[in-house]
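Asker: Got a structure for you, questions after.
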Amino acid sequence: MNDLPEQQIGEWLNKKNLKLSVAESCTGGLIGDRITDIAGSSEYFIGGVIVYSYEAKEQLLGVSHQTLMQHGAVSEPTVLEMARGARQIFKARFPLESILGLSVSGIAGPGGGMPGKPVGLVWIGLSTPEGDSAHQYHWQGTRPQNKAHSADAALRLVLDYLHPQGLTQGAQRISVEVYPVTAGGWQVTQFSLHGQVQQVLSTGRRWEDDLGEHLLVTTAGGTCELIYSVAQGCWFYKPIFPPGNRV
């Protein structure tokens with residue numbers, strides 16, 4: 001249980017005396033469900049709202065009508081306003097600097113895709129006392145899988161903010177094949193785990209910290225995190241959805 005992000009989030013929110021508020025669209029309450037699976041979550045989880053429609057996003061979170069009309073519900077500007085709204089709705093009861101706002105909006109499928117916004121596209125926003133950020137993902141699973149992927153990515157985003165180094169626990173060393181891209185940088189095509197080659201179907205969020213470079217990827221077996229350790233000069237693998245888990 002201690003390896004689950006919702007468990008670790010609770011521990012770190014308590015240590016830092018922070019509260020969490022969520023605004024969910026495509027996940028339909030799944031994030032809140034996972035957080036409240038943990039006993040004692042009422043100490044740090046204030047609650048949140050399910051804002052499935054444009055009207056709910058506007059009326060409950062204060063998302064600008066112009067933002068929705070110009071960018072749509074599944075966009076960086078919208079999830080940023082949703083995350084800020086998630087913090088604002090509780091500011092009368094808690095100091096704003098003690099609240100984290102988490103938001104998610106996406107196209108879970110199987111329909112609903114459109115040019116430039118395919119099925120499986122998800123934006124996740126995080127509003128913190130230090131600033132706001134938004135991250136894009138593209139899942140390629142079924143509707144329940146895409147919702148589960150989104151909830152897990154959102155929770156791990158919060159955990160990464162609270163305690164970046166905690167994400168490397170339980171990682172396994174692997175061999176990774178990369179190739180350079182025209183815009184600079186690199187792209188992962190496949191990696192070898194326990195002698196088995198895993199083809200990368202899609203890539204998600206990429207970030208850097210003191211440990212090295214991190215990349216979320218999707219394979220036929222689910223979603224995982226690849227970590228390049230600068231100090232050790234090698235790659236590590238960490239499953240997000242291990243066998244028998246929520247996928």
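Here, each number is a calculation from the coordinates, and none is a lab measurement. A quick note: this is a predicted structure, and the numbers were derived from the prediction, not measured. Note that each Cβ is placed from the backbone with ideal geometry, even for glycine, and that neighbours are counted across all protein chains shown.
Asker: So, in the chain, how many Lys pairs have Cα atoms under 28 Å apart, if the pair is 8 or more places apart or on different chains?
Answerer: Here the count comes out as 13.
Asker: May I pose another question? When K57, K91, K238 are ordered from fewest to most other Cβ atoms inside 10 Å of their Cβ, what list results?
Answerer: Details: K57 27, K91 13, K238 18.
So the ranking, lowest neighbour count to highest, is K91, K238, K57.
Asker: Given H placed 1.01 Å from N in the peptide plane, which residues other than close sequence neighbours of Q198 have an amide H under 5 Å from its amide H?
Answerer: F191, S192, L193
Asker: Could I ask something else about it? Using θ = phi - 60° and the Karplus form 6.51 cos²θ - 1.76 cosθ + 1.60, what ³J(HN,Hα) does each residue of region 135-141 get, whole Hz, x for Gly and Pro?
Answerer: Once rounded to whole Hz, the list reads 9, 9, 10, 9, 8, 10, x.
Asker: If you don't mind, another one. All other residues with a Cβ under 13 Å from the Cβ of V200 taken together, and with Lys, Arg as +1 and Asp, Glu as -1, what is their net charge?
Answerer: Numbers: positive: R206; negative: E177, E225.
It works out to a net charge of -1.
Asker: Can you tell me the 0 to 90 degree angle between the C-alpha axis of helix 143-162 and the longest principal axis of the chain, rounded to 10?
Answerer: The answer is roughly 90 degrees.
Asker: Tell me which residues come under 5 Å, amide H to amide H, from E213 once H is placed; ignore anything under 5 positions away on its chain.
Answerer: Those qualifying (amide H under 5 Å, at least 5 residues apart or on another chain) are Y228, V230.
Asker: Further, regarding this structure: With runs of 4+ DSSP H residues as the only contributors, calculate the mean residue ellipticity of the chain at 222 nm using -39,500 (n - 2.57) per run, divided by the residue total and rounded to the nearest 500. Mind showing how you got there, number by number?
Answerer: Working: 6 runs with 66 residues, N = 247.
It lands at -8000 deg cm²/dmol.
Asker: Can you tell me the length gained on complete extension of the stretch E213 to C234, counting 0.36 nm per residue apart and subtracting the Cα distance?
Answerer: 6.5 nm
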